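Enquirer: I have a structure here, written as structure tokens, and I will follow up with some questions on it.
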Amino acid sequence: MREATPAAYAALAGWGLICATGKTAATLHAALQANRSALAVAPRFSAPLFQTNIVGAAPREESDDPAWELAATALQEAVGGVARLLRTIPAARLGLVLSTTKANIEALERISAGRPCSASARHHLRAEALAADLAAEFGARGPVQNISNACVSGLVALVQGAKLIQRGTADAVLVVGVDHLSAFVVSGFSTLKAIDPRGCRPFDRHRCGLSPGEAGAAIVLLRPDLAPAGTVRISGWGASNDANHMTGPARDGAGLAQAIRLALTRAQLAPAQVDYINAHGTGTAYNDAMESAALRSIFGTEVPAMGGLKGMFGHTLGAAGVLETIACAMALQDQFLPGTPRLEQAETGFPSRLMKQPRPAPGLKHVLKLNTGFGGMNGALLLEQTGKVAPAASLPEATRCGRPASAF
């Protein structure tokens, strides 16, 4: 099949979420504007098994099926915001793509400890069962897929959803990412000595690890010709695997750079046209350094304004790509650059346009979203604001998107 032009890729028609910032997309928007970190102490992780109990916990009730509850909460908001539009699409033309790394691992922990666990919670230990039940609940009778590809899962799920639309298999796709905090996850990262006891500090000189988080995040992807005017659109994507190590990234960033080049080519963009980069930014020593190296290899000394958001809500694993893409879409719609929560002093040699605090950015049009993951996976997604935006060149130097300012 002939490659489609960027105009044929998917539009982001609506979204919903629950994460450490709160139970709705509005809470994330407010946190972005305030550059507020929602990382906090969770007493359940105080045991010696864990490096720290500072995590990104969502405001949810204790449950034996948190994966279902987080995903369903996000989907309810996302679908509710575009319900009238979705009613015009036949159920057979509505698909669903689930992104998760652990599905409902809470059930496994309860079974192992001899605690009560419902049949539905046990059923959702299998990601494909969780995906099928979510599709049935939300009326998606079209193609249903599950992506479990480490921390790149959410971004890959968005790409898969866009491809279903591009190929004519679906008119709309519900993309939902979910992972919940569990002893398995927190103790696993503790064993790897990969958690920052103070809370993660992406790109900071004193960074020393990530912060586990949990979230449900959902985006309604729509065929562009059916989308309202001015919606944010997926304009390109790329993926690669550097095959370096089971957990460590290739230090030179070559794999991530390859994914970025593929995304730029598909979007028919030059590097200089990218206005903002939302990095994976885990806060670990090697990930942040690798991303910086990859960006220098693409953009040279003119790396655009960039930052990362895991200091706000933690690393939400399979939900990360979807949750962080929602944040990027908010930035495009409202024309602002997010900050990098908890960044205090940028590492020497990292790109100079690291955003510490958010600020207005009239002219913001093209955003590059990055995710990387265990096993050497790399992903890049390009988003475009299709509405009218003020030309960046007409703005004062202090507020021009992608230019040095005291806020960096």
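Every number here is computed from the coordinates shown, using simple stated rules; none is lab data. For clarity, every value in this text was computed on a predicted model and none was experimentally measured. Cβ: placed from backbone, ideal geometry, glycine included. Neighbour counts: every protein chain shown.
Enquirer: So if I average 1/r over every pair of distinct C-alpha atoms in region 188-247 and take the inverse, what Kirkwood radius in Å does that give?
Expert: For region 188-247, inverting the mean 1/r across all distinct Cα pairs yields 16.1 Å.
Enquirer: Go ahead and estimate [θ] at 222 nm for the chain from helices alone: -39,500 (n - 2.57) per DSSP H run with n ≥ 4, summed, over the residue count, rounded to 500.
Expert: The helix-only estimate for the chain comes to -9000 deg cm²/dmol at 222 nm.
Enquirer: Turning to a different aspect of this structure: Over the Cα atoms of region 232-399, what radius of gyration and what Dmax do you get, in Å?
Expert: Cα-based Rg and Dmax for region 232-399 come out at 14.8, 47 Å.
Enquirer: Another question about this same structure. Which entry in (1) 0.99; (2) 1.49; (3) 0.91 matches Cα Rg over 2.2 N^0.38 Å derived from the coordinates of this structure?
Expert: After the calculation, the listed value that fits is (3).
Enquirer: Out of T24, A71, L222, whose Cα points farthest toward the positive end of the dipole of region 6-226 (charges: +1 Lys, Arg; -1 Asp, Glu; placed on Cβ)?
Expert: Result: L222, furthest along the dipole toward the positive end.
Enquirer: Quick one: which of 326-335, 112-121 comes out on top by average Cβ neighbours within 10 Å, and what's the full order, highest first?
Expert: Packing order, densest peptide first, comes out as 326-335, 112-121.
Enquirer: With +1 assigned to the C-beta of every Lys and Arg and -1 to the C-beta of every Asp and Glu, and no other charges, what is the dipole magnitude of region 192-348 about the Cα centre in debye, to the nearest 20?
Expert: 160 debye
Enquirer: What longest region of the chain stays clear of GluC sites (Glu not before Pro) that DSSP places outside H, G, I, E and B and that have at most 14 other Cβ atoms within 10 Å?
Expert: Here the longest run is 63-301.
Enquirer: For each of F350, F313, count neighbouring Cβ atoms within 10 Å of the residue's Cβ, then give the residues from fewest to most.
Expert: F350, F313
Enquirer: Below 18 Å, Cα to Cα, which lysines can K369 reach? Residues fewer than 8 away in the same chain don't count.
Expert: Partners found: K163, K310, K356.
Enquirer: Also: Rank G142, S235, I54 by how far each Cα sits towards the positive end of the charge dipole of the chain (+1 on Lys, Arg Cβ; -1 on Asp, Glu Cβ) and give me just the farthest.
Expert: Of G142, S235, I54, it is S235.
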